[in-house]
Amino acid sequence: MKLTEYFLPTLISDPKEADTISHKLMQRAGLIDKTSSGIYSFLPIGLSVLRNVESIVKEEMNRIGAMELLMPTLTPSSLWKETGRWTEYGDDMFRVKDRKGSEFGLSPTHEEIICDIVRGRVRSYKKLPLAFYQIQTKFRDEPRPRAGIIRGREFLMKDAYSFHATEEDAERAYKRFFDAYCRIFDRCGFSYIIVEAETGLIGGSFSHEFIALSDSGEDTVFVCPKCGYSASLDRAEIGIRDLEPASDGEPKEVYTPGLTSVQDVAKFLKADPVQLIKTLIYKADSEFVAAVILGTDELAEKKLKKVLGCKELKLAKKEAIVEATGTPVGFSGPIGLKLKMIADNSIKGRKNLVVGGNKMDTHITGVSSGRDFEPDLFADIKIAKNNDPCKKCEGRLEEKRGIELGHTFKLGTKYSQAMNLVFLDEEGKEHFIIMGCYGIGVSRIVATIIEQNCDERGIIWPKALAPFDAILININPEDFGLTNLSDEIYSVLEKEGIKVLYDDRIESPGKKFADADLIGIPWQIIVGKKATKENIELCERKTKNKEFVKLDELIGRISRE
RNA sequence: CGGGGUGUAGCGCAGUCUGGUUUAGCGCGCAGCGUUCGGGACGCUGAGGUCGGAGGUUCGAAUCCUCUCACCCCGACCA
């Protein structure tokens with residue numbers, strides 16, 4: 001491709017609205033153009049990369065026997081109503097009406113649609129298992145799109161669905177998808193971790209998130225550098241902390257007028273906030289419970305939910321707290337509380353604590369756990385912090401930011417029950433089909449690659465994903481000698497099937513080098529005054545290493561591995 | 001949805017507080033001509049704007065007032 005005939009609108013300065021590195025570079029290097037908030041066009045060079053990502057994804061999906069299909073974006077409300085997600089999705093789903101007034105949703109995901117395809121057509125165990133995938137545009141009306149295409153309202157996703165007769169088979173498929181995901185992210189050259197995750201609106205029994213580490217990421221994860229343990233913020237298991245021990249004190253009521261926050265109380269009593277105890281009142285399904293944690297911690301609701309085994313867990317409302325404990329908000333404490341009490345295990349054996357007095361404007365100092373109150377259960381119910389001890393080894397957890405690239409779910413029968421997907425086994429008995437679903441944010445991958453592969457000059461594409469293999473820079477297209485040589489190199493490379501972008505523009509060398517570095521094509525072939533067929537300059541974008549090769553060596557040097 | 005911020009040429013900005021000297025400027029980019037040609041060259045000439053939109057105040061509005069729309073960031077929420 002000759003650059004004079006190509007559409008590559010590069011920018012010298014960062015666009016004002018972008019502040020993550022990948023967003024800036026995608027706009028500056030002419031990969032994308034914003035149409036509206038969270039909605040982007042892929043320009044030619046951006047689309048090349050997107051297609052390269054797609055082909056890696058497709059190859060790995062095909063390799064594990066998943067069949068590609070394509071489902072519609074516009075989907076009738078009736079299907080969503082079957083599973084209840086027409087309501088559950090709320091404002092996150094874009095909705096439209098047809099001319100007759102029938103309601104449709106722009107699909108944010110496709111469980112309902114694939115189930116509708118499969119049900120009725122698969123009635124026998126003999127037709128199972130099945131696995132399908134598609135690469136398709138998804139719509140989600142995000143409350144806050146951000147960071148360019150990292151969180152868009154319209155984005156490209158690979159979603160896959162598998163159907164099984166048995167749990168064991170579903171788990172085997174889960175493993176196959178899991179391994180395929182690892183291969184995909186390895187081939188893209190990502191540095192990533194895999195964490196156990198929550199299933200959210202998709203539902204199901206368990207799931208894993210594939211998270212690329214990046215400071216621009218929106219997810220917080222914890223990694224143990226020693227044993228490799230990794231988990232998301234609200235699930236990371238923490239070992240026992242080695243807190244400064246305190247000696248026993250005498251319980252004493254103190255008057256703390258209007259002081260409800262840990263900070264205020266600690267300041268007022270001149271106490272270390274770690275000696276304070278927070279007592280949070282939650283409503284677990286229909287029962288009120290008290291969660292007791294250190295003043296310096298935050299409660300991990302998902303952990304507490306798991307400990308309680310309840311379906312719904314919500315912080316109790318102000319009036320409900322008064323009703324359940326007889327105490328206004330901010331003065332609840334563990335002593336004499338008549339609710340089920342779960343305490344974080346870092347409270348076990350702690351002494352000389354400050355707790356709420358279960359009385360207006362009152363706290364109690366000098367309290368010891370075990371002596372003055374005994375929770376029903378000790379458990380890990382706090383959110384992890386940087387440098388917390390690892391539960392699996394003696395290491396320390398490190399807090400990192402990441403971008404979620406993939407998510408695998410073992411769904412079980414959530415959708416097959418709602419949509420009546422049944423099959424007959426060998427004995428003619430009816431069962432619900434067991435499902436799995438597996439997603440990858442394809443467009444998000446493109447941004448994430450840039451996050452992990454760039455320098456101050458611009459993008460550095462991994463060779464497997466680059467929009468072109470090489471950029472051929474003719475330093476002076478008005479010089480016949482240089483142009484003849486450049487033309488010859490260009491036609492030789494093209495003939496060999498090497499994708500080359502030929503910078504034949506009449507521009508200053510500085511601009512050409514700057515653009516080449518910005519768009520990040522792995523190899524730069526530079527044709528300047530000293531160049532001959534026997535002495536062609538080849539520069540690697542990533543390292544900026546220069547070497548001089550003969551024309552017939554060039555192909556071998558830059559062909560894809 | 002709560003908090004903060006921004007809308008002036010393709011991009012980045014000044015001008016707004018204190019209305020009039022602006023025919024609305026500057027840099028980059030763009031077009032033409034010439035000189036350059038190994039790290040975002042230089043000179044000359046030129047094109048490009050209903051100052052986000054609507055209404056209002058005023059002799060006069062980019063500037064003041066009211067409403068509104070769009071976009072960005074933090075949070076909440078979510079893949």
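The values are calculated or read from the model by the stated rules, or taken from the named source; none is laboratory data. From a predicted model like this one, the values you see are computed outputs, not experimental measurements. Ideal geometry is used to build each Cβ from the backbone, glycine not excepted, and the neighbour counts take in all protein chains shown.
Numerical summary
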read-out: Single unsatisfied condition, A:A147 versus (1) at pLDDT below 95; (2) away from RNA strand B (no atom under 13 Å from the Cβ); (3) touching a helix residue (DSSP H, G or I) at 6+ places or on another chain (Cβ under 7 Å); value: (2)
read-out: Any chance A:E103 is in contact with a Cys (Cβ under 9 Å, 6 or more places away or on another chain), outside the structural domain of A:R153 (by TED's automatic domain parsing) and away from RNA strand B (no atom under 16 Å from the Cβ); value: no
read-out: Spans of strands (runs of 3 or more DSSP E) in segment A:1-97 with at least 3 residues away from RNA strand B (no atom under 12 Å from the Cβ); value: A:74-76, A:94-97
read-out: Check on A:L47, over 18 Å from A:E451 (Cβ atoms) and modelled with pLDDT of 95 or more; value: yes
read-out: Those residues of segment A:251-282 which are in contact with a His (Cβ under 9 Å, 6 or more places away or on another chain) and of a type in the set (D, E), in sequence order; value: A:E253
read-out: Any hit, segment A:354-374, residues being in a loop (DSSP other than H, G, I, E, B), among the hydrophobic types (A, V, I, L, M, F, W, C), surrounded by fewer than 21 Cβ atoms within 10 Å (Cβ to Cβ) and more than 16 Å from RNA strand B (Cβ to nearest atom); value: yes
read-out: From A:F206, A:F222, A:F210, residue being assigned by TED's automatic domain parsing to the domain that holds A:I149 and surrounded by fewer than 21 Cβ atoms within 10 Å (Cβ to Cβ); value: A:F206
read-out: Matching option when the condition is closer than 23 Å to A:L47 by Cα and among the hydroxyl-bearing types (S, T, Y), among A:Y438, A:Y502, A:Y415; value: A:Y502
read-out: Set A:S124, A:S207, A:S191: member being among the small types (G, A, S), more than 16 Å from RNA strand B (Cβ to nearest atom), within 21 Å of A:F432 (Cβ to Cβ) and touching a residue at least 24 places away in the same chain (Cβ under 8 Å); value: A:S124
read-out: Filter result for the condition that a residue is within 10 Å of RNA strand B (Cβ to nearest atom), of a type outside the set (K, R) and under 22 Å from A:R63 (Cα atoms), over A:L156, A:L130; value: A:L156
read-out: Identity of the residue in segment A:499-524, among the hydrophobic types (A, V, I, L, M, F, W, C) and part of a loop (DSSP other than H, G, I, E, B), that ends up farthest from RNA strand B (Cβ to nearest atom); value: A:I521
read-out: Unmet requirement for A:V122, which otherwise passes all of (1) part of a loop (DSSP other than H, G, I, E, B); (2) more than 24 Å from A:S416 (Cβ to Cβ); value: (2)
read-out: Flag for A:E244 being farther than 27 Å from A:K340 by Cα, loosely packed, with under 12 Cβ neighbours inside 10 Å and not small (G, A, S); value: yes
read-out: Residue match in segment A:212-229 (condition: farther than 21 Å from A:D388 by Cα, part of a strand (DSSP E or B) and within 36 Å of the chain's Cα centre (by Cα)); value: yes
read-out: Conditions (1) outside the structural domain of A:Q417 (by TED's automatic domain parsing); (2) under 26 Å from A:T166 (Cα atoms): number failed by A:K81; value: (2)
read-out: Residue list for segment A:421-441, filter: under 30 Å from A:A165 (Cβ atoms) and either within 14 Å of RNA strand B (Cβ to nearest atom) or among the β-branched types (V, I, T) (or both); value: A:V422, A:I433, A:I434, A:C437, A:Y438, A:G439, A:I440
read-out: Residue ID - farthest from A:P257 (Cα to Cα), chosen from residues in segment A:340-365 that are among the β-branched types (V, I, T) and under 42 Å from the mean Cα position of the chain (by Cα); value: A:I342
read-out: Residue check, A:S491 free of Cβ contacts under 8 Å to residues at least 12 places away in the same chain and more than 41 Å from the chain's Cα centre (by Cα); value: yes
read-out: Checklist (1) buried (at least 24 other Cβ atoms within 10 Å of the Cβ); (2) away from RNA strand B (no atom under 12 Å from the Cβ); (3) closer than 25 Å to A:K495 by Cα applied to A:K463, failing item; value: (1)
read-out: Selection count, segment A:45-88, where residues are free of Cβ contacts under 8 Å to residues at least 60 places away in the same chain and either touching a Leu at 6+ places or on another chain (Cβ under 9 Å) or small (G, A, S) (or both); value: 7
read-out: Qualifying residue in segment A:321-341 (condition: at pLDDT 80 or above, within 30 Å of A:N387 (Cα to Cα) and in a strand (DSSP E or B)); value: yes
read-out: Tally of residues being touching a helix residue (DSSP H, G or I) at 6+ places or on another chain (Cβ under 9 Å) and within 19 Å of A:M1 (Cα to Cα) across segment A:513-532; value: 10
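For every residue, the table says whether it meets (1) touching a Lys or Arg at 6+ places or on another chain (Cβ under 9 Å); (2) part of a strand (DSSP E or B); (3) under 24 Å from A:I459 (Cβ atoms).
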position: A:I526; (1), (2), (3): yes, yes, yes
position: A:K530; (1), (2), (3): no, no, no
position: A:L538; (1), (2), (3): yes, yes, yes
position: A:T543; (1), (2), (3): no, no, yes
position: A:E547; (1), (2), (3): yes, yes, yes
position: A:R557; (1), (2), (3): no, no, yes
